[in-house]
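Have a look at the structure below before the remarks.
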Amino acid sequence: MDNNTRNLFFLLTLFPLTCLSLSRAPTPRAANSRQCENCGPTLVPYPLSTRPGCGDYALYKIRCTAGALWLDTVNESAYPITSVNPVTRRLTIRPAGIAANSCVSTDFRSRGIQLDHNSSFKVAAGNTILLLNCTNLYVRRQRSPVDCTANGLCHRYVKDNLVVPCMKTASCCSFKVGVSNVGEYGFGVKIGGDECSAYQSFVTSGPAAMAKMPAEKWPEPEMELEWGLPSEPICEGSLDCMNLMNSKCLVDPVRVGQKRCFCDIGFKWDPMYGLCAQIQILAGAVCGVVPTIIVMGILLYKKLNQSNSKKEAIKTLVKERELSLQSKTSGKSARIFTGKEIIKATNNFCKSNLVGSGGFGEVFKGIFDDGTITAIKRAKFGNTKGTEQILNEVRILCQVNHRRLVRLLGCCVDLDLPLLISEFIPNGTLFDHLHCHSSKKYAPIKWILRLQIAHQTAEGLAYLHSAAMPPIYHRDVKSSNILLDEKLDAKISDFGLSRLVEEQQSKANNNNSEIEDNNIFTCAQGTLGYLDPEYHRNFQLTDKSDVYSFGVVLLEILTAMKAIDFNRDEEDVNLAVYVKKMIKEERLMEAVDPMLKEGSSKIELETMKALGLLAAACLNDQRQNRPSMKEVADEIEYLITIVSQTTKFIN
């Protein structure tokens, strides 16, 4: 930037500061003792309240737990708050999402998002809501603005994102909040009855804008809530107004029988900051033009520097990735791929090369000029979380080298989105082999092979916990993240949520987490049915969190049942809960996959029972009582030895 531009930008910055100094009113942040303290790194602006004594607790209550903000709804559900904007008076929450391999929202038991009509929060206009798996009775009742047509947004979302469980039901609807007051205080979901069982929410400019882009390019599911401006605080006597300077407790002329802290003459109630601000006519008139000038200056500044900033950012990112990929701990042949190579290998990301898709990203099959077949993962457009996970996965895989972990080949950073390139494992996932027999693509797996898959996976996790330097917690262990090759050898994949266990305070601060010993304090993330309940309760991630998730995988291997299945009886939806109940009732063998029991020897049946008890140990409610992954691997290896010796003897 040349000197003239720099001087202009300096003057534009100095002018509003000088202007504001004309006012004798105190700065909002300094004067407002009623504003709550930050929650971790997140500002809690007035009137939001995390505790009695700050903000307006009665009408603007939110919760601060372990450095993260949460919104509690009237139906006892809780949703993480991902952003707060005091200027627009809006906050963003992350809805519960849809349970894996189903078309049911994970908060169906509390019937979806339900806001208190007496609070000051409501769903903001601009949210586009999709209601899925609806009954025909519900659809017949709907009128505009609720769109349940076959060409509506909801059907496009299901089709374009390949939400297979939701394809089984033809009925789903969409609407924009703010039209005819529909959905202002939430909406219900319900299994059966006359409603819908799942929902998704998107913050956009409306259905018309969403209709112009493919569903896979829609933003990450979120919901914006807005709050109204607060009135003066309610009081009973003068002591209640001590924290609001320049005010007195007076009778409210509008609300009979109520008193409020009204501002003194010469002061005006400022609902944005919750204080009595001194009226400054001259300063206000002079400063009225400041926002316009600032905007003009910033636009000029951005235009002059946009090109250079973009080039510098790309250069920095390339250098950072190259240093990681060339480190001593990186996988074999890790390198930086060019965008030209990637586009050619994937035929410009042709849909025919798409081999997998999830909430955060897509995986394409890529064939390079030398014949190397690879898996190329990229985030979905507009999904910042997906981009973060791709870069985190590259960082994690640079640290490891083990035959039971998918091998990193490199990455690409010169396209619009960063890409991860890894070895291609062609034979699907453990989930596919256990639960997709109806497609006849995969044959049932024999008992000895299931034990070998379990042992290989346990070996990989044990390496991450005990041999990797620093240790790594996978954080999303599940059957769909265990890849199988032609010989049914297992490899652990998908390290997007994984965490390095290292004492780096700066990273802890930046990621809203703390690291203590070998425990990481962070918001609970993972997959429903596999998530460690203790981690979910206290946000403390440990190696035993992976052990719990692996215990659920062992139950899948033993029973061929899904971790969460709403086709089972209500009390048996959760596989871990169901099998623990069967063990308590001494009926474990009734839950074992019938294909395994058929024709098995007595010793093989005993090893099945032993694996079930090992899984139960992994699922112990107290994590200190769970075995380590090394102990789990050794135990499974012992079971393999018994089964192998029995087979040899019979032969």
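For the reader, a short list of remarks on this structure follows.
- Residues being assigned to a strand (DSSP E or B) and at pLDDT 85 or above - total across the range 91-122: 5
- Residue in the range 421-431 that is out of contact with any Asp or Glu (no Cβ under 9 Å at 6 or more places or on another chain) and in a loop (DSSP other than H, G, I, E, B) present: yes
- Residues of the range 443-467 satisfying the condition of being surrounded by fewer than 17 Cβ atoms within 10 Å (Cβ to Cβ) and over 12 Å from Met629 (Cβ atoms): Ala443, Pro444, Lys446, Ile448, Leu449
- Among residues of the range 396-424 that are polar (S, T, N, Q), those with a Cβ under 6 angstrom from a residue that is modelled with pLDDT of 90 or more and part of a loop (DSSP other than H, G, I, E, B), sequence gap 6+ or separate chain, pair up as Ser422/Val406.
- Residue within the range 433-450 that is within 25 Å of Lys340 (Cα to Cα) and modelled with pLDDT under 90 present: no
- From the list Val632, Val643, Val579, the one residue that fits, being part of a helix (DSSP H, G or I) and modelled with pLDDT under 95, is Val643.
- Here Lys122 passes the criteria (1) among the charged types (D, E, K, R); (2) under 22 Å from the mean Cα position of the chain (by Cα); (3) surrounded by 18 or more Cβ atoms within 10 Å (Cβ to Cβ) except the one numbered (2).
- Restricted to strands (runs of 3 or more DSSP E) entirely inside the range 284-403, those with at least 3 residues that are modelled with pLDDT of 90 or more are 361-367, 373-379.
The values are calculated or read from the model by the stated rules, or taken from the named source; none is laboratory data. Source: prediction; values computed, not measured. With ideal geometry, Cβ positions are generated from the backbone for all residues, glycine too; neighbour counts draw on all protein chains shown.
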